[in-house]
Structures are given as C-alpha cells and as structure tokens.
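So the structure is just underneath, and the comments pick up after that.
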Amino acid sequence: MIHHLGHLVRQGEMTISKTNRMEGWLQLLGQDALIRFELDSPDPSAMAGCRFTFQPQQAETSEATSAGESIQPAENLLLPEIESIQFGKLIALRVTDVQPPMFSHNHVELRVDVQFQCDFQLVWESHDGIIEIAFNPADLEMYWDEAVLRQSEELPESMLPSSFRDSITQRIEQIDKAYGEENGEYLISVKMPSDAQLEDLASFQLQTMVHKVEEGPKHRMIEFMKEISSQEKNILLCDLLEPPIETPAPEAMTDEQLQDKVTEILGRLSVLGVEFKCCEHFDDKLLYDWLVNKVIPWERIHPQLRQFQMTRFFDTSLWCDDCGIFQQL
C-alpha cells in the first residue's frame, strides 16, 4: 500500500548523517504527536552532513485561500493508519529546482545555512508500506555541519545571483572610466542591504561608495581601516551616547511607550553608524532588554564611523535561542 502524505504534512525535519543514515520527524495536520522515522540508504548522499526543516511553501496556501479555494478542516482529514515510529529503507530523496541554486540531492555547490525554495520528494518503505511525501514547491531551511558562512565573514560571490555580481563589475568599470589613468588608490565600501532588499536579490542593486586615498604618508582612509581592524580606538556605545538615554524598566511603560523608547534608541544608535537586523522572535520587550543590557553597555565601535560612511551591523539572530545560533556575549 502507498500512503501519500504530502497534503497532510504541516512541517518536518530530517538529518542526514555522514554514514548515510537518515532520521527525522513529521507533524501532520490534525495531530499533535509526531511521526518519527529512521531510514537506511543503500547509496551515499551528496547531502550528507546536513539537517534541514521542510514544509509546503506558505505562499501557496495563502494564495489559494485568497483565491477562494476551500481548505479542508483538520478534523475532517482522513489520517493514515501508520506507526508513529517508522523504520525502513529509503527509496528516493529528490531536491530539485533549488532557489538560490546552491545544491540538489545529487550535487552540492555551496554549503550555506539559509532558507531555500525547491521541489521536494521523500519516499521510503516500511512495515506499513510505501510512504511518500512531496511538495511542489517547498520551503527548506538548511543547517550544514561545515557551512561556508560559519567559517568566513565574507559572503561567497558564488551564492549571489548573476545580476548582483554583474553590478559589482559595472561599478568598478564606471570608476575606471571616471578616473582614467590618474594615479592614486580608491577604496570601495558597500552599504548593508535592508531586509526588504534581501528578500528580492534578483533585482537588488549594490549601494557603493568610493573613497579616494590621497597620495602621501598620511592616508587617512587607510589609517581608519587599520583602526577598524585593530579595534584599538573603539569606544563603548554607552560612552558615545551623549546625553545618555533614559532606560526605565519595561514594566513601568505601556506598550506604546515601550515601542517609542525602542524607536528612540535605534535612532540614537543610527546616528553613531550602528544599524540592526531584528529576527522575528525579538518583540519590543525582548529587543529593548537586549539593547539596554547587552549591546549598549558592552559593545564597542569606532567613534568616526559616520564620518567615513561606515556602518557597524548587529543581527539579533546571533543572540536568539529560537534561531538556533545563540552565542553568549
């Protein structure tokens, strides 16, 4: 018997060990208990050494609902009669049409911890028969044992869309044409993209700035870059905020006052050249606590960031338990 579970799966997770053992779980609509599976694969997997979560693409469900299509209530779904713990043999694992195109089930171009969209199919055989799960399209969130972005602070060029890479080349060509054979050195800095820009990388354009390095023994920009690297002249944020920011206890503020206070703090820090990316798990109260107790009293920045159009960037996901990459200060 074949059980097609794709339309019943709310979400799932799978780990592929380097010994090609595959373990994971499924959560079905209308069921609180998870279905766990342990599968043996007869062949090695190109995706060995990764853990990923999968689910049907949420946008598809939203579009179907807005178009007036009916979605069957969970209590009316016909759930399969299968064991809650599945031991079996892998028949097929197919991950195709991956966007961004960094890997597939038979070839891995780049190991990057990020969310992907793809066509996904998982099939195995157990005591209950053949179990098949397929989403077209699906959302996958990958976590690799040897992820590139956890080893390097630089964004690999190969992970960027061609239009993004071409914009770098075009910008350099424009600089060459503008300055011709003139002697001297130039530094190019890139403005950190916003969340909205990152969601549409295909049409994203770099915002670059060119800094002229004048000839002579005192190249101020070069010296500034050295200071940035050495961090010797960095100063605590709390010492740079003049006048100091008043930080009442969250319990002493209404929700509106707390939101206004967070906005005030972010604005004051922005003047110093400090910007933030906030993950979905940080509400105003958690963000306020993090800014007041972890960032402002402990983090150091160069006091002249704004003068040189530079930005110090903080990402809350690095401190977030739910994001899975929590790092203690």
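Summary table below
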| read-out | value |
| --- | --- |
| Number of the condition not met by I301 [criteria: (1) touching a Ser or Thr at 6+ places or on another chain (Cβ under 7 Å); (2) buried (at least 17 other Cβ atoms within 10 Å of the Cβ); (3) under 28 Å from D113 (Cα atoms)] | (1) |
| Checklist (1) among the aromatic types (F, W, Y); (2) farther than 27 Å from F224 by Cβ; (3) in contact with a strand residue (DSSP E or B) (Cβ under 7 Å, 6 or more places away or on another chain) applied to F313, failing item | (2) |
| Those residues of segment 259-291 which are among the charged types (D, E, K, R) and in a helix (DSSP H, G or I), in sequence order | D260, K261, E264, R268, D284, K285, D289 |
| Odd one out for S229 among (1) outside any loop (DSSP other than H, G, I, E, B); (2) surrounded by 10 or more Cβ atoms within 10 Å (Cβ to Cβ); (3) at pLDDT 65 or above | (2) |
| Answer from K294, K261, K285 - the residue that is without any contact (Cβ under 8 Å) to a residue 60 or more places away in the chain, surrounded by 13 or more Cβ atoms within 10 Å (Cβ to Cβ) and under 25 Å from S230 (Cβ atoms) | K294 |
| Qualifying residues in segment 1-27 (those that are polar (S, T, N, Q) and part of a loop (DSSP other than H, G, I, E, B)) - the one modelled with the highest pLDDT | S17 |
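The values are calculated or read from the model by the stated rules, or taken from the named source; none is laboratory data. Every value quoted in this text rests on a predicted model; they were computed, and no experiment measured them. Neighbour counts run over all protein chains shown; Cβ positions are idealised from the backbone, glycine included.
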